[in-house]
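Scroll down for the structure; my scribbles are underneath it.
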Amino acid sequence: MDERNAAGALHVTRRDSTSRSAVATQSLATLEAHAVLLRAEVAGLRAELANLRDRLPPRGGGDLLEANEQLILAALRAQAVAEAAERHREEAAARKRSIDGRQRAGTRAQHGALQEANGLLVASSLQAQAQETRALEAHAQALGSMATAAHELRNPLTPIRLAAGMLGEARDDLVRFTRLRDVIEAEVVHIARLVDDLVDGSRVVSGKLRLEYADVNLASVLESAVQTCRPAMESRHQQLVIDLPAGDAMQLHADYTRLVQVFTNLLDNASKYTPEGGRISLVAVRSPAALTVSVNDNGIGVPADALLRIFDMFVQDSAAAALRPGGLGIGLAIVRELVEAHGGTVVGSSGGRDLGSTFVVTFQASAGT
């Protein structure tokens, strides 16, 4: 029922209730008037009986007695009528109170129903608006992500095309030929990594990310990640400090390849966003309950507003994107998904712009089992 129909029904209910209340009030007034008349009649009869007693001689006692009995019977009948009238009056008053009570209760119920319906309409409207806003934001983000991916995949094609065109001219110049070949190989590796990130990102979004568990040594995982990232760090003259527990203190039941991917992404990010000559540290600590790995740098840092969304898909801080263009903003999102898939957590922190960053990955002692 909409609000106009509800209001109409409420108006009809009020009109019917008012009519019943008026009838009850009128009946009550009539009964009260009859009761007054009957009381007056009884009083007159009693007065007449007293007068007759005073006027009749003693020998008329039998007639007086008969008259007195009739007067008493009349008085009793009048009293019975008066009592019946009183009962009717009380019943009418009770019906009136009941009608008034139902009318008030009905009015309150109608008001409550209208308020509840209005509240539901308002809540539904707000929810629909919120859903529409989220849908528009998601659509805009998807379009932006597609544009970013297309742009980043297209960028390496230009140096590949130029280098490939010059290979024929440099056939007799081994140094130049080797340099052009290295350019092509580097850009192909870049494209392959972007494609891998996109594939992993789509698996994360669709929930199709799969892990292959085995007993692994986390120290071996970290060494593989370091070997992958060391050339880039050395080219930027960055210092890498490593502190890992010795022996078998780093055993986990996990997916070796995916854990290498996690720490490669974290170390690669630390290197990309740390200036030349900067410092990066990789520290692992084993406690009875958990295994913790920290990747710290003294690079450009992350502002507080960007830190809130740093693990979201296709999100990049503007300063980071300006310093090292060519990323899709997928790496940290994949890191979070892979760590959480192993039952662990990853937390990023930073003192702010130019104050470096720290990422802490924690696995429970029984992670993945």
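Could you give every pair whose Cβ atoms fall below 8 Å, whose first residue belongs to segment 92-117 and is more than 29 Å from GLN26 (Cβ to Cβ), and whose second residue is charged (D, E, K, R) and part of a helix (DSSP H, G or I), counting only separations of at least 6 or pairs across chains?
LEU114/GLU3; ALA117/GLU3
From the list ALA85, ALA94, ALA117, ALA105, which residue is in the same structural domain as VAL36 (by TED's automatic domain parsing) and touching a His at 6+ places or on another chain (Cβ under 6 Å)? Quick ask: steps written out before the conclusion?
On the way: ALA94 fails: touching a His at 6+ places or on another chain (Cβ under 6 Å); ALA117 fails: touching a His at 6+ places or on another chain (Cβ under 6 Å); ALA105 fails: touching a His at 6+ places or on another chain (Cβ under 6 Å).
Going through ALA85, ALA94, ALA117, ALA105 in turn, just one is in the same structural domain as VAL36 (by TED's automatic domain parsing) and touching a His at 6+ places or on another chain (Cβ under 6 Å): ALA85.
So for segment 268-280 (the condition being hydrophobic (A, V, I, L, M, F, W, C) and within 35 Å of the chain's Cα centre (by Cα)), does at least one residue qualify?
Of all residues in segment 268-280, those hydrophobic (A, V, I, L, M, F, W, C) come to 270, 280.
Going one step further and asking which of them are within 35 Å of the chain's Cα centre (by Cα), we end up with 270.
Yes - at least one qualifying residue is present in segment 268-280.
Does ALA333 satisfy the criteria of being modelled with pLDDT of 80 or more, within 19 Å of VAL361 (Cβ to Cβ) and part of a strand (DSSP E or B)? First the steps, then the outcome.
Details: modelled with pLDDT of 80 or more: yes; within 19 Å of VAL361 (Cβ to Cβ): yes; part of a strand (DSSP E or B): no.
The answer is no for ALA333.
With respect to the numbered conditions (1) at pLDDT below 90; (2) surrounded by 20 or more Cβ atoms within 10 Å (Cβ to Cβ); (3) of a type outside the set (Asp, Glu), which one is the sole condition not fulfilled by ALA246?
(2)
Out of LEU209, LEU198, LEU194, LEU153, report the one residue that is over 26 Å from SER287 (Cβ atoms), modelled with pLDDT under 80 and assigned to a loop (DSSP other than H, G, I, E, B).
Working: LEU198 fails: assigned to a loop (DSSP other than H, G, I, E, B); LEU194 fails: assigned to a loop (DSSP other than H, G, I, E, B); LEU153 fails: assigned to a loop (DSSP other than H, G, I, E, B).
The match here is LEU209.
How many of the residues making up segment 228-261 are assigned to a helix (DSSP H, G or I) and among the hydrophobic types (A, V, I, L, M, F, W, C)?
Counting residues in segment 228-261 that are assigned to a helix (DSSP H, G or I) and among the hydrophobic types (A, V, I, L, M, F, W, C) gives 5.
Would you confirm, using the coordinates I've provided, whether THR292 is part of a strand (DSSP E or B), farther than 22 Å from ASP196 by Cβ and not acidic (Asp, Glu)? Give the derivation first.
Values: part of a strand (DSSP E or B): yes; farther than 22 Å from ASP196 by Cβ: yes; not acidic (Asp, Glu): yes.
Considered against the rule, which asks whether it is part of a strand (DSSP E or B), farther than 22 Å from ASP196 by Cβ and not acidic (Asp, Glu), THR292 comes out as yes.
The values are calculated or read from the model by the stated rules, or taken from the named source; none is laboratory data. This one's a predicted model, so the numbers in the text were calculated from it and none came from an experiment. Cβ sites come from the backbone with ideal geometry, for glycine too, and all protein chains shown count toward neighbours.
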